[in-house]
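The values are calculated or read from the model by the stated rules, or taken from the named source; none is laboratory data. Just so you know, these numbers come straight off a predicted model, no measurement behind them. Cβ atoms come from the backbone with ideal geometry, glycine included; neighbour counts cover every protein chain shown.
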């Protein structure tokens, strides 16, 4: 399921290429007054730990980046609608500047698939003579672009095109479309003509449908894996996107004006910023290295300083989260960034006194920077989320151990930086052990004692784009349903136990609740008021309050699933989710974004099989990697790729 790698040396765009396409689009924009609405799909059933509060109080970086790129390219009539704030928004009723938009874009994660499809379906209700060009994007389409196209000839809803890349791909698409668009020609009509002429096939990062006489999709065409922008300083300034946000509303329509700049801080007090991309580690459950084509991409310290300063001055924003894969990934680049920020001032005041920010790092890289953590603190960093996973390195080894993890946490705590651990629970890990630190509660206790003020515990779940994705399905570890309740996309956020070989998977679900209850509770809140773990004033107590609030939602949403697991009748899905439509690449090549099991043209996709399993249904893997119902099994923790060698 990992994305294939482009040819060596062809992974990145040429320096200045993104800037050049924006310059060319500004010229075209004078002749094409496009109106665009960008929607961020959001399924409110996902509101629980560890994402509670930030999920609605931090405007996502992805849709803001697209909006910023459009405005920077000359398309000022653009609006960003967040379903987090506008749950009743209906594309069929949207009007901007008094007209139906020319372009309607939808961005979605996998867990928001249902909301994404509902938005596209509703947009397709617009009369064909006025229908906008529908473009789907986001993490969902990067790995499963077929889900935004209908395979039902009787219900031919669907996007016109899926963008499986970043801003550069979208801008290339718009440049090609506008260069070929005729006077007064509708953008969607121009797209269909350009598509049918094969003029999109040299733009890597697109998936579009070939349609039949009824308008239903018959085949998907994949133009390949995107080229990445290597120098992130070329990206449009994020401040542009904040001026495009639709104000929170219960109405299905759009308001006449975007959210006023002086109200942005009220609704989005936390800002997510792209700072770096890429990670040196190659964990089997993580799609990050393959997505980034094994590259490490960064912004310069000067550019980051400019973004912090401008966003603070224009919107009064103070709290930032770096959407990094591993900010400490490259020592020298990290030092260049933090040293620049440490010397930056806002109106004569050091940046660290006006701005506070945090990001994601690893235990290993934190220890590599132990002598420079003071400079990291002076740059404004107040919290770091560390991928602890399993402190004993049983699940995955990224150079962490109990001693190294506690050392890293103490180093951060002593310098006034709050360590925020991210953990993974797995089949072979018990809730508690009398000796050692293998048990989940044992590790939570160690982390709390070492200075952790927040906690994230998630169950290993099949991740699209990861190396182990196919194996988890073909080995029979993934659930299709339990006690008659089907596994839905919103349950794939790792809060639900949906892939396990444990004989009593309901225990795994309750273990996650127990870990959160152990960490977030009224007693710890009272202790945090008088003996906080961090040096930030009341930060520990505040996180305890948010954690207890989120825990009530987590229990309310996941306890019912635990009871379904307890009742049994677990059915497992043994076929990997593939495109129901045939997919092909350009020039007879295989489709880069399709699994090998996707049907060829003229073939039907394989029927999904859900095998009934007695009890919890443990299964034995054969040398072919398949599972036989009713057999016992000995295997590693779910989430670790399991490949059986017939010779052994």
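Quick grid of which residues meet (1) touching a residue at least 40 places away in the same chain (Cβ under 8 Å); (2) in a strand (DSSP E or B); (3) under 26 Å from residue 288 (Cβ atoms); (4) in the same structural domain as residue 289 (by TED's automatic domain parsing):
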| site | (1), (2), (3), (4) |
| --- | --- |
| 79 | yes, yes, no, no |
| 84 | yes, no, yes, no |
| 113 | yes, no, yes, no |
| 131 | yes, no, no, no |
| 153 | yes, no, no, no |
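The rows are residues; the columns are (1) in contact with a strand residue (DSSP E or B) (Cβ under 9 Å, 6 or more places away or on another chain); (2) more than 17 Å from residue 119 (Cβ to Cβ); (3) at pLDDT 95 or above.
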site	(1), (2), (3)
136	yes, no, yes
145	yes, no, yes
151	yes, yes, no
160	yes, no, yes
167	no, yes, yes
171	no, yes, yes
State whether the residues of the range 454-461 include one that is in contact (Cβ under 8 Å) with a residue 60 or more places away in the chain and at positive phi. no
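For (1) within 30 Å of residue 258 (Cα to Cα); (2) assigned to a loop (DSSP other than H, G, I, E, B), each residue gets a yes or a no:
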{"residue": "6", "(1), (2)": "no, yes"}
{"residue": "9", "(1), (2)": "no, yes"}
{"residue": "14", "(1), (2)": "no, yes"}
{"residue": "24", "(1), (2)": "yes, no"}
{"residue": "28", "(1), (2)": "yes, no"}
{"residue": "31", "(1), (2)": "yes, yes"}
{"residue": "37", "(1), (2)": "yes, no"}
{"residue": "48", "(1), (2)": "yes, yes"}
{"residue": "51", "(1), (2)": "yes, yes"}
Would you point out the residue of the range 283-298, among those that are in contact with a strand residue (DSSP E or B) (Cβ under 9 Å, 6 or more places away or on another chain) and without any contact (Cβ under 8 Å) to a residue 60 or more places away in the chain, that is nearest to residue 230 (Cα to Cα)? 296
What residue, of 478, 457, is within 20 Å of residue 405 (Cα to Cα), surrounded by 21 or more Cβ atoms within 10 Å (Cβ to Cβ) and either modelled with pLDDT of 95 or more or touching a strand residue (DSSP E or B) at 6+ places or on another chain (Cβ under 6 Å) (or both)? 457
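Given the structure, is residue 28 under 23 Å from the mean Cα position of the chain (by Cα), surrounded by fewer than 20 Cβ atoms within 10 Å (Cβ to Cβ) and either within 21 Å of residue 203 (Cα to Cα) or at pLDDT 95 or above (or both)?
So residue 28 fails the test.
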Of all residues in the range 299-311 being farther than 16 Å from residue 234 by Cα and touching a strand residue (DSSP E or B) at 6+ places or on another chain (Cβ under 9 Å), the one that is surrounded by the most Cβ atoms within 10 Å (Cβ to Cβ): 308
Which helices (runs of 4 or more DSSP H) sit wholly inside the range 288-362 and have at least 1 residues that are closer than 29 Å to residue 15 by Cα, in the same structural domain as residue 412 (by TED's automatic domain parsing) and over 22 Å from the mean Cα position of the chain (by Cα)? 301-315, 331-342
Does any residue of the range 424-447 turn out to be over 19 Å from residue 518 (Cα atoms) and touching a helix residue (DSSP H, G or I) at 6+ places or on another chain (Cβ under 9 Å)? yes
I want to confirm something. Restricting to the range 351-372 and keeping residues that are in contact (Cβ under 8 Å) with a residue 24 or more places away in the chain and farther than 27 Å from residue 388 by Cβ, which single residue is surrounded by the most Cβ atoms within 10 Å (Cβ to Cβ)? 351
Sole miss for residue 572 among (1) crowded, with 22+ Cβ neighbours inside 10 Å; (2) assigned to a helix (DSSP H, G or I) is condition (2)
Which condition number does residue 200 fail, the rest of (1) in the same structural domain as residue 66 (by TED's automatic domain parsing); (2) closer than 23 Å to residue 131 by Cβ; (3) touching a residue at least 40 places away in the same chain (Cβ under 8 Å); (4) surrounded by fewer than 23 Cβ atoms within 10 Å (Cβ to Cβ) being met? (3)
As an exercise: evaluate residue 70 against (1) out of contact with any strand residue (DSSP E or B) (no Cβ under 9 Å at 6 or more places or on another chain); (2) crowded, with 21+ Cβ neighbours inside 10 Å; (3) not in a loop (DSSP other than H, G, I, E, B) and give the number of the one condition it does not meet. (1)
Condition set part of a strand (DSSP E or B) and farther than 30 Å from residue 308 by Cα, scope the range 380-437, selection modelled with the lowest pLDDT: answer is 389
In the range 312-333, residue farthest from residue 287 (Cα to Cα) [restricted to those that are out of contact with any helix residue (DSSP H, G or I) (no Cβ under 8 Å at 6 or more places or on another chain) and buried (at least 20 other Cβ atoms within 10 Å of the Cβ)]: 322
Condition broken by residue 406, with the remaining ones in (1) farther than 30 Å from residue 468 by Cα; (2) surrounded by 16 or more Cβ atoms within 10 Å (Cβ to Cβ) satisfied: (1)
